[in-house]
1. If we only count strands (runs of 3 or more DSSP E) wholly inside the range 1-92, which ones have 3 or more residues that are surrounded by fewer than 17 Cβ atoms within 10 Å (Cβ to Cβ) and out of contact with any His (no Cβ under 8 Å at 6 or more places or on another chain)?
2. Just checking: which of the strands (runs of 3 or more DSSP E) contained wholly in the range 429-528 hold 2 or more residues that are among the aliphatic types (A, V, I, L, M) and modelled with pLDDT of 60 or more?
3. Of the conditions (1) open to solvent by less than 20 Å² (accessible area, probe 1.4 Å); (2) modelled with pLDDT of 70 or more; (3) closer than 30 Å to Ala496 by Cβ, Arg338 satisfies every one except a single condition; which number is it?
4. Taking the range 229-253 as the region of interest, how many residues are farther than 11 Å from Gly32 by Cα, of a type in the set (Val, Ile, Thr) and out of contact with any Phe, Trp or Tyr (no Cβ under 7 Å at 6 or more places or on another chain)?
5. From the list Pro149, Pro192, exactly one residue is more than 20 Å from Ser119 (Cβ to Cβ) and open to solvent by less than 10 Å² (accessible area, probe 1.4 Å). Which is it?
6. Looking only at the range 466-490, which residues are within 28 Å of the chain's Cα centre (by Cα) and either open to solvent by less than 10 Å² (accessible area, probe 1.4 Å) or within 12 Å of Gln438 (Cα to Cα) (or both)?
7. Quick one: Leu205 ticks every box in (1) in contact with a helix residue (DSSP H, G or I) (Cβ under 6 Å, 6 or more places away or on another chain); (2) under 22 Å from Tyr31 (Cβ atoms) bar one, so which box is it?
8. If you scan the range 122-146, which residues turn out to be surrounded by 21 or more Cβ atoms within 10 Å (Cβ to Cβ) and either out of contact with any helix residue (DSSP H, G or I) (no Cβ under 7 Å at 6 or more places or on another chain) or at pLDDT below 95 (or both)?
Amino acid sequence: MKSDIDYRNKLVLAPMVRVGTLPMRLLALEYGADLVYTEEIIDWKLLRAERHTNEVLGTIDYIDTTDGTVVFRTCPDERGKVVLQIGTASAERAVAVGQMMQNDVAAIDVNMGCPKDFSIKGGMGVALLYDLPRAKAILEGLVQGVRIPVTCKIRVMPDLDETVALAKELQSTGIRAIGVHGRTKTERPRDPVNEGAIARVANALHIPVIANGGSQSITRRHDILRFAQRCSTTSVMVARAAEWNCSVFRADGPLPLDDVIRRYLELSVRYDNSPSNTKYCVQMMLRSLQESPIGRRLLDSQTMQQICDIWEMGEYCRETQLRYHFAGIKGRRACRPRTQSGDGGPVAEGNEPTASKKQCLEESPDSDPEPLNEENVCFIRSNFIDGMDWRFFSVLLTPSTQCNKHILFSLPDNSLPKSKLYLHAVRNGLPRAQYEVQQKDKLFRATIRFDGQRYTSSFWEKNKRYAEQAAALVCLLKRGVESRDELIRNGAMLPAKNGPAAAVVELTESSKTDAPGESETNGEARPMVESC
């Protein structure tokens, strides 16, 4: 039996790249949106992802097996209200995605309006408006192949008659609704939205039309309804106005921005949203305030804890991070590249077999005679002031200054780990460290050979430079240059379960009431955390 959604009289969070992730979708629903669209997710990215039940978070996660990132995450609070928007140029891939995802989303929308070069060159987005046979094949395949409603989102064409004709052709595929952005593919947000063009389409179709593009005139819910009236629709998609202040959906009027940001951060911590995505969304909320002292602090932040500190939520974030860690959450710290299993099937280290057909690398036994020192340490760039800028350092090592040890030893101690390790070698008359970097899939891990020992981090980084810095941190830690307590404090390491930090969290848990933003299920608090 096919499920259904009534697309009439709906206020909708529009699909927005990097914005339409779980915390923002939940925030929009909390403030009064009826439906929420995901950011556009490309079909092949979903097809290479694996579905996991995240018992710690209470979510369903689709994980990219090549780097451990979350491609899509959903939870029961948005069940029946979340619409997956896909970018696709293939009916076959679109149907495969739809059949894979139909139990976890309420509907599927095909992006036919993105004007970015990436989409157009791939035959996706607005390119589909100029390839009607392909566009119809994708929609017809989905309508026939999945049990949930199918929609699409388009832009208007320069010729309004052509726009109406196109919309009628798309309607004939059996889709349940169509979103119409009132600008052409060459127009940008600063250009006026063509409300008349949206009205022409709405009056010509028998399926609901969802008007989009009116954010410049929207600051509150009443403005959304007026925009719908001017476009002859009953439903509206809101993008940038919701990005700036998601409480625009509230019937009682928008809330102060700081209140919205704090609530967004609570949801981001609760659902382990990535710090980079959280930071981006908060930057979009701040807009011109990015140049303010708070905006500059946000720009310098890198971890969820550092972001939360700005809005006096850092301690809450630190405590809940540890709770998730001790509950066994598998975030970025647990991510391992895939290796070849005994029967030839790909396996993610420490995880169940994957479904990916991509060739994986064999693990070779460690036969190196030098002892290997390993710790789970990640490199967080904002924890270090780059006192050793290598362009500057190369000037210091000119023939006239390379013997001036006073210059070398007077460089700031809070430099990057590789720089610290270099100075450590110079001060102690030791040979320079030798770095070897291993890459698997899209992850990197470095090993250092230094003074007869090897040092590495079990944390796989996303680029070569960070992997080298993380290995240098392990070396500095083992040699007593870096403090374990300091690395734990700044988020580069997590404490042992029975360590001092764990005792503090346990004591805090036994003596406190509900933390901000914590929800309860069957009387039990649902914890929150980030992955590094």
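The values are calculated or read from the model by the stated rules, or taken from the named source; none is laboratory data. Keep in mind that this is a model prediction, so the values were computed, not measured. Cβ: placed from backbone, ideal geometry, glycine included. Neighbour counts: every protein chain shown. Ligands, DNA and RNA are stripped out before the accessible areas are found, and what is left, the full protein with its side chains, is counted by its heavy atoms. Shrake-Rupley method; radii C 1.70, N 1.55, O 1.52, S 1.80 Å.
1. Working: elements: 11-13, 35-37, 49-54, 59-64, 70-74, 82-87.
The strands (runs of 3 or more DSSP E) meeting that bar are 49-54.
2. 443-450
3. Evaluating Arg338 over (1) open to solvent by less than 20 Å² (accessible area, probe 1.4 Å); (2) modelled with pLDDT of 70 or more; (3) closer than 30 Å to Ala496 by Cβ leaves (2) as the failure.
4. Here is the first cut: in the range 229-253, the residues farther than 11 Å from Gly32 by Cα are 229-245.
From what is left, the residues that are of a type in the set (Val, Ile, Thr) are 233-234, 236, 238.
Imposing the further condition that a residue be out of contact with any Phe, Trp or Tyr (no Cβ under 7 Å at 6 or more places or on another chain) reduces the set to 233-234, 238.
Looking only at that region, the number is 3.
5. On the way: Pro192 fails: open to solvent by less than 10 Å² (accessible area, probe 1.4 Å).
Checking each option against the conditions leaves just Pro149.
6. Within the range 466-490, Ala467, Glu468, Ala470, Ala471, Ala472, Leu473, Val474, Leu487 qualify.
7. The number of the failed condition is (2).
8. If the condition is that a residue be surrounded by 21 or more Cβ atoms within 10 Å (Cβ to Cβ) and either out of contact with any helix residue (DSSP H, G or I) (no Cβ under 7 Å at 6 or more places or on another chain) or at pLDDT below 95 (or both), then Met124 is the only one that fits.
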